[in-house]
Amino acid sequence: MPDGESFDLIVIGAGPGGEMGALRTAILGKRVAVVEKEAEPGGASVNTGTVPSKTLRETALALSGLRSRDLYGVDLSIRRGATVDDFLHHERQVRQSEHSRIRGLFEKFGVTVFHGRGEFADPHTVTVHQPDGTTRTLHGENILIATGSVPIRPAEIPFDHNRIHDSDELLNIHELPRSIAVIGAGVIGCEYACMFAALGVETYLIDGREKLLPQLDAEISASLAKAMRALGVQLVLGRAVERFPPPSDGDIELTLSGGTPVHVHHVLFCAGRMCRTPDLKPELAGVQLAEKNRVPVNEHFQTNVPHIYAVGDVIGFPALASTSAEQGRAAAIHMFDNRHPEYAVAQVLPAGIYTIPELSCAGATEDELKAKGVEYAVGRAEYAEVARGKIIGDGSGFLKLLFDKQTRKLLGVHVIGEHATEVVHIGVMAMMTEAGVDLFLRTCFNYPTLGELYKLAALRADFFGLS
Ligand SMILES: Cc1cc2nc3c(=O)[nH]c(=O)nc-3n(C[C@H](O)[C@H](O)[C@H](O)COP(=O)(O)OP(=O)(O)OC[C@H]3O[C@@H](n4cnc5c(N)ncnc54)[C@H](O)[C@@H]3O)c2cc1C
Ligand SMILES: NC(=O)c1ccc[n+]([C@@H]2O[C@H](COP(=O)([O-])OP(=O)(O)OC[C@H]3O[C@@H](n4cnc5c(N)ncnc54)[C@H](O)[C@@H]3O)[C@@H](O)[C@H]2O)c1
């Protein structure tokens, strides 16, 4: 291909935002280039974040025999003393298969992939710095920034120590830790702490905040904290880690504010993520950055330079694989096919957190409704109250629905327990269609299913809370 070739769209970054933006555009018959600095596509979603962590969770559940212990009271674990290779084997297989899937789709729809680091030369030109030291110049009618985020690595944390990791490095560990301190009880910290505890690793989860995942419905957050403690996670909340000089050998001592020190073999630091957007030289394209190097966009994902769009983690909240892909799709539609019904990203966005147990939610929490002065009714149903919940042996899960007292519409759905990230979708569809309690009262659910939780919760809200 001659240097300086022109494209209808140049996408920088092949994570979920870039992948979807590129494919949705290529399907319209447009000429699309994807510039990706890593050897394989997929971004944090496939290579270091979403897919690896969820695959490891499944592996941890299988290797630990946790599900069978809960269900049958016996340990049917595949193997005691699992090695790190056992732990990572399936994750590598899934990751490779995702690489093939994305490469296959790019090939099928004629997307040209350039391996190298992209940066702006001017508002329509991207320079690609290729691994062999050469550069290429690409011209784009439109450009999509989808360069994602990386773990925050404060200078005072000794990451050069071989047992102190961020969430990317964790995937290259050579031994299963006998003990680990997870610093940062955000979504990443909570998910990994559960995984390690399930594998029998002595696990501490440390955070300066008093409450676990405060963005969640308070009852769900409290229920998660209880379940995590039962799993063996030692929650150290409201304490800051002051220092931990790394020893060359032996345990690492973490000094905590106002508490006794913690001694562990490994440390996982996951206290947020950041964008590397200044590396793109956005000033050469006239693109402005906001706080924390975020790229501000309008409702169509356009930056202040209208033909340059940005999606995914670079634009900030909610910074999920699911939402990044949706934003990539919507941006592509706005660029090239803006009468199509896929035009906008949905108003109702679910969040799924793969702790043990997993949890998921969409819409408002009780605290948010109270703050807004909305009168609402709660419908609640325990997993243990429906046959399917008993069959799968989930004795603590529950579904909670929040309905508007006046309109009877569903305003929020919150669920914790096995398959919570699937169960939530019934509520999401109801909210997408602005349905309410009457939909659940009229619906016939398969028996035995967790879907029945909706019926039970709706009946309770109707009998006891709704006018
Ligand atoms: C441990 C972990 C678990 C997660 N779990 C979930 C989950 O369960 N569900 C969920 O929805 N989300 C989850 N997320 C979040 C999700 O992974 C991200 O929100 C999502 O990957 C962001 O997509 P993106 O396309 O914006 O960027 P990314 O996936 O970060 O991809 C950006 C791509 O751009 C490339 N790039 C960067 N700079 C350049 C450049 N200058 N030139 C060329 N290429 C460049 C990078 O190499 C990368 O491939 C998780 C994240 C982590 C870290
Ligand atoms: N299932 C999912 O959807 C999923 C899973 C994992 C990650 N993600 C995404 O990844 C992103 C990053 O997640 P994250 O967990 O790294 O960040 P986060 O911002 O969600 O949480 C960071 C946590 O670290 C704590 N913290 C900060 N500095 C600290 C310190 N010095 N000592 C102790 N605690 C400290 C904060 O109080 C906070 O609780 C999120 O935006 C999330 O959307 C999503």
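Here are some notes:
- Screening Val305, Val314 for residues that are more than 16 Å from ligand 1 (Cβ to nearest atom), farther than 27 Å from Ile220 by Cα, hydrophobic (A, V, I, L, M, F, W, C) and outside any strand (DSSP E or B) leaves exactly one candidate, Val305.
- Sole residue being surrounded by fewer than 21 Cβ atoms within 10 Å (Cβ to Cβ), within 19 Å of the chain's Cα centre (by Cα) and under 30 Å from Phe464 (Cβ atoms), chosen from Ala319, Ala351, Ala362, Ala346: Ala351
Every residue, every condition in (1) part of a loop (DSSP other than H, G, I, E, B); (2) under 30 Å from Asn172 (Cα atoms), yes or no:
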site	(1), (2)
Lys30	yes, no
Ala33	no, no
Thr55	no, yes
Ala60	no, yes
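- Selection from the stretch 418-445 of residues that are in contact (Cβ under 8 Å) with a residue 12 or more places away in the chain and among the aromatic types (Phe, Trp, Tyr): Phe440
Table: residues versus (1) touching a helix residue (DSSP H, G or I) at 6+ places or on another chain (Cβ under 8 Å); (2) not assigned by TED's automatic domain parsing to the domain that holds Ala285.
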position	(1), (2)
Ile308	no, no
Ala332	yes, no
Ala351	no, yes
Glu368	no, yes
Gly373	no, yes
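- Among the residues of the stretch 280-322, those identified as more than 16 Å from ligand 2 (Cβ to nearest atom) and among the aromatic types (Phe, Trp, Tyr) are Phe301, Tyr309.
- Pairs where the first residue, in the stretch 405-416, is more than 14 Å from Gln347 (Cβ to Cβ) and in contact (Cβ under 8 Å) with a residue 24 or more places away in the chain and the second is of a type in the set (Gly, Ala, Ser) and in a loop (DSSP other than H, G, I, E, B), C-beta under 7 Å, 6+ apart: Lys405/Ser467; Ile416/Gly397
- Residue within the stretch 216-239 that is among the small types (Gly, Ala, Ser), surrounded by 14 or more Cβ atoms within 10 Å (Cβ to Cβ) and touching an Asp or Glu at 6+ places or on another chain (Cβ under 7 Å) present: yes
- In the stretch 36-63, of all residues being among the polar types (S, T, N, Q) and within 11 Å of ligand 2 (Cβ to nearest atom), the one that is surrounded by the most Cβ atoms within 10 Å (Cβ to Cβ) corresponds to Ser45.
- When restricted to residues that are near ligand 1 (Cβ under 10 Å from one of its atoms), surrounded by fewer than 24 Cβ atoms within 10 Å (Cβ to Cβ) and over 15 Å from the mean Cα position of the chain (by Cα), the stretch 322-343 contains 0.
- The set of residues in the stretch 248-297 that are part of a strand (DSSP E or B), touching a residue at least 24 places away in the same chain (Cβ under 8 Å) and farther than 30 Å from Pro123 by Cα comprises Ile252, Leu254, Leu256, Val262, His263, Val264, His266, Val267, Leu268, Phe269.
The values are calculated or read from the model by the stated rules, or taken from the named source; none is laboratory data. Keep in mind that this is a model prediction, so the values were computed, not measured. Here Cβ is always computed from backbone atoms with ideal geometry, including for glycine, and neighbour counts include all displayed protein chains.
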